[in-house]
Structure formats: C-alpha cells, structure tokens
Amino acid sequence: METKIVAIDAKEPQPERIQEAARLIQRGGLVAFPTETVYGLGGDALDPEAAQKIYAAKGRPSDNPLIAHIADFGELSVLAAEIPDTARTLMRLYWPGPLTLIFKKTETVPFATTGGLDTVAVRMPSHPVARALIRAAGTPIAAPSANRSGRPSPTKASHVREDLDGHIDMLLDGGEVGIGLESTIIDVSSGEPLLLRPGFISEETLEETLGHLAVDAACMEPMASGKRPKAPGMKYRHYAPQAPMTIVHGPLAKVEKTICFHVKEALRAGKRVGILCTSESQPYYRQQLRNGCPDCHMSRLIASCSCAFPYKGAEALLMLEVSGPQTEPAKIAHHLYDALRSFDRAGIDIIYSESFEYGPLGGAIMNRLKKAAGYQILEV
Ligand code: TXA
Ligand code: MG
C-alpha cells in the first residue's frame, strides 16, 4: 500500500485536504494525524474492521483498547452509557485537551475498539487538524499513538513515516506536536476516579480539582506477574528505543559520575553509547568524555560534533542527547520521544539516562522513561 503524505496547516487546516482524509476514514481506511499530544493513527471508531486494521498496522495486541476521539460534547452520548458528575467536572475544565476519560460503553461501540472491554476511552483533542478531521468524518475516530507497538510515540510526521509508511492510507503532516507525551487517562466508569496514565495534566492539578485522586499501581511500577493493570496498554514494554537503557537515579553529582564511569567502560568495550541528560549537566559529560576529534577539534560526541556519523576512524562512539533544561520540564517532555528515536537512527548499542523528576510533569516523564527502560534503574 502506498501511504499518501499530505502537508496540512496545523492552525488553519485546508478544508479540501481534510475532506480527502475524512473520506478515507468513512471508507474504513487509516489516516495518521497530529493531535496536541502525539500523532494518532485514526480509523472509524464504530467500525470493527477499521479497528482490526489499526491493530494490524501497529502490530498491536488486540486486547489493548483504542481511544475514541470526538470533536463535540454531543457525540459523547453515542459512546458513553453513563456520564458521572466527576466526569462532567473534568470535561468542563480540560476538554478539548490532553485528557482521556474511561466510561461504561454503549452498545454502539464495537468490542473490537475496546479490546473486548465493556468500557470505552474517550478524548476530545484540541488540535485544529484533529478536530476538523473528526467533524468532517462525522464519526468518532479511534486513534492510538501512530507508532509500531512498543516504540516511542511519534511527535513528528517523520516518526510516523519511520514506523508506518506503506501500512496506512494517508499521513497528514501538520509539523511537530506541542506536548509530546500522551494524554492523562482517568477511569470514571466505576465510583471513585482512578488515574490510569499520568500525562500533561498533572496529578497535583487533578487532585486540586477533585479533592482526591486514586492512582493505579501500574502507573509507576512494573506489574507483578499475574496482575492486570486497568489500562491494558500499561502491561507492555513501551516507548522503547532499540538499545537497552538504564536510568541512573540519585543526587545529580553522583548520577553524572556514575554515568561517566559506565559510559567509559562501554566505550572501551567498543560500544556505541547514548546519554540522555539535561542542558545543565551536558557540559560535565562533554568535559569528562571529550577525546578530541581531529576533524572539528571538539569531541567524538555525535550530537555535538560537526563530523558526519559514523565518525571515520573512531573505534567507539558517543551520542549525547539533551532532553532540555531542568527548569523547563515541558521541553524535556516535548523532546523525550524524539531523543529516544535519535538513538535508534544512530545505531546506538546502549543508553544511560538521567532521571527527570522536575516539576509537576516529572511524574509523567518518569512514567514513560521507566517503561522505555523496562524498569532498569540504577540507584546511586
Ligand atoms: O494522547 C493520546 O492519548 C494519544 C493521542 C493520539 O490521542 N493516544 C494514545 O493512544 O496514546 P494509545 O492507544 O497509544 O494509548 C491508549 C491507552 C492504552 O494504554 C490503553 O490500554 C488505554 O489507553 N485504554 C484504552 N481504552 C481503555 C479502557 N476502556 N479501559 C482502560 N484503559 C484503556
Ligand atoms: Mg501508544
């Protein structure tokens, strides 16, 4: 299948391009499109065959349910059998926006979309392209993140192409997304609201709104074997680069020293090594690990050296990805998946990452990073 790539204005999407994409959705096709969180892989949420196609294109287990995206409040009654008061409060405050709510589903929603569950995940995105597409299609759009299952979510159209080119009908390229982490998910289907996935709308903010918010254990810890997380997607290794990754956690000075120690060992063993760090600690790694590239007189750091990769004559290589400044966790969140994908493109063998527990977004960032590392954490 050839994937048609269509450039689209992220602020004022061209109506004829949206119409073309909407017709594909109506005919049961798949269209990847930008949302404010990450790119989604869209199909008709009420068409079981479209759901099957989504699972196949992503290589995703079909027990991992999809989020149905709507553009108007009126559409919710097609999907949700009951709308509790807590949900109404959350919707009023955060929709349209990066919040997904889990409701009891109506009979209209096919089990293929919900992975066999009798609940349905619903989100009203704020991105103009997403909203225009849903409206033009005239149906809720099921959209998981537009990556191959297990890979980091796509924050740029080029990421979608890396994973899904040739497997979907169309990709609407609306440039880079704003947030870069998937939506916050709250289950409001049974009594007390339960946080299933942390996201841009932080736990603190939600606690202020709701008074109290229970948190599903699967949010930060690996699930004990035999236990089922409430969001089936949380049980899979996720957001992962190809190389094994270790998170080093502790006081920053110790973290930096430990990372340098392990990186030097790996370089000596001839490995291609990646470091994920903040802007603040970047100079330290440069200083400690520089070894003088004869071409640009900087270092063999791929990311900071103007030599083309792979560096000619180098026995070992190091790639430094700066996630962002500690003072701007939103930048760290925004760059996280792109950084993980850069390591893949550079053929990195092993990755060491700092911890990024900065500000209210720290929880969501660490949730993704820990899953990407398969919970390989070194305490120092
Ligand atoms: O920001 C986002 O939410 C993006 C954009 C495209 O909207 N979408 C997204 O979808 O992240 P996906 O499929 O990658 O993640 C959906 C998560 C999965 O962990 C899934 O298990 C959970 O939502 N989920 C979906 N339906 C559910 C349900 N009925 N009950 C519990 N968890 C559910
Ligand atoms: Mg996903």
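The values are calculated or read from the model by the stated rules, or taken from the named source; none is laboratory data. Keep in mind that this is a model prediction, so the values were computed, not measured. Reconstructed Cβ throughout: ideal geometry from the backbone, glycine too, with neighbour counts over all protein chains shown. SASA here: full protein model, heavy atoms, side chains in, ligands and nucleic acids out. Shrake-Rupley method; radii C 1.70, N 1.55, O 1.52, S 1.80 Å.
Of everything in the range 325-380 that's part of a strand (DSSP E or B) and not hydrophobic (A, V, I, L, M, F, W, C), which residue is nearest to ARG272 (Cα to Cα)? If you could, list the steps in order and put the result at the bottom.
As a first pass, look at the range 325-380 and keep what is part of a strand (DSSP E or B): 350-353, 377-379.
Still in the running and not hydrophobic (A, V, I, L, M, F, W, C): 352-353, 379.
Numbers: TYR352: 11, SER353: 14, GLU379: 23 Å.
It comes out as TYR352.
Yes/no matrix, rows are residues, columns are (1) within 11 Å of the chain's Cα centre (by Cα); (2) aliphatic (A, V, I, L, M); (3) at pLDDT 95 or above; (4) within 19 Å of LYS271 (Cα to Cα):
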| residue | (1), (2), (3), (4) |
| --- | --- |
| ALA333 | yes, yes, yes, no |
| GLY347 | no, no, no, yes |
| SER355 | no, no, yes, no |
| VAL380 | no, yes, yes, no |
Practice problem: Only strands (runs of 3 or more DSSP E) wholly contained in the range 182-283 count here; list those with 1 or more residues that are among the charged types (D, E, K, R) and away from ligand 1 (no atom under 16 Å from the Cβ). | Solution: 272-278
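Rundown of residues vs (1) among the small types (Gly, Ala, Ser); (2) within 22 Å of the chain's Cα centre (by Cα), yes/no style:
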{"residue": "GLU12", "(1), (2)": "no, no"}
{"residue": "ARG27", "(1), (2)": "no, no"}
{"residue": "PRO48", "(1), (2)": "no, no"}
{"residue": "GLY59", "(1), (2)": "yes, yes"}
{"residue": "ASN64", "(1), (2)": "no, yes"}
{"residue": "ALA71", "(1), (2)": "yes, yes"}
{"residue": "GLY97", "(1), (2)": "yes, yes"}
{"residue": "PHE111", "(1), (2)": "no, no"}
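If I filter the range 61-73 for residues that are modelled with pLDDT under 95 and either buried (at least 19 other Cβ atoms within 10 Å of the Cβ) or under 27 Å from ALA333 (Cα atoms) (or both), do I get at least one hit? Full working, then the answer.
Within the range 61-73, the subset modelled with pLDDT under 95 is 61-64.
Those left that are additionally either buried (at least 19 other Cβ atoms within 10 Å of the Cβ) or under 27 Å from ALA333 (Cα atoms) (or both): 61, 64.
So far as the range 61-73 goes, yes, one or more of its residues are modelled with pLDDT under 95 and either buried (at least 19 other Cβ atoms within 10 Å of the Cβ) or under 27 Å from ALA333 (Cα atoms) (or both).
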Quiz prompt | Yes/no for ALA32 being assigned by TED's automatic domain parsing to the domain that holds SER149, open to solvent by 10 Å² or more (accessible area, probe 1.4 Å), within 16 Å of ligand 2 (Cβ to nearest atom) and within 21 Å of ASP165 (Cβ to Cβ) | solution = no
Quiz item: Looking at (1) over 15 Å from PHE33 (Cα atoms); (2) polar (S, T, N, Q); (3) open to solvent by 30 Å² or more (accessible area, probe 1.4 Å); (4) modelled with pLDDT of 95 or more, which is the one condition that is false for SER149?
Solution: (4)
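Only residues that are in a strand (DSSP E or B) and either in contact with an Asp or Glu (Cβ under 7 Å, 6 or more places away or on another chain) or outside the structural domain of ALA136 (by TED's automatic domain parsing) (or both): list them for the range 60-110, please. Don't jump to the end; show me each part of the working.
Step one: of the range 60-110, the residues in a strand (DSSP E or B) are 67-69, 80, 99-105.
Those that are in a strand (DSSP E or B) and either in contact with an Asp or Glu (Cβ under 7 Å, 6 or more places away or on another chain) or outside the structural domain of ALA136 (by TED's automatic domain parsing) (or both): ILE102, PHE103, LYS104, LYS105.
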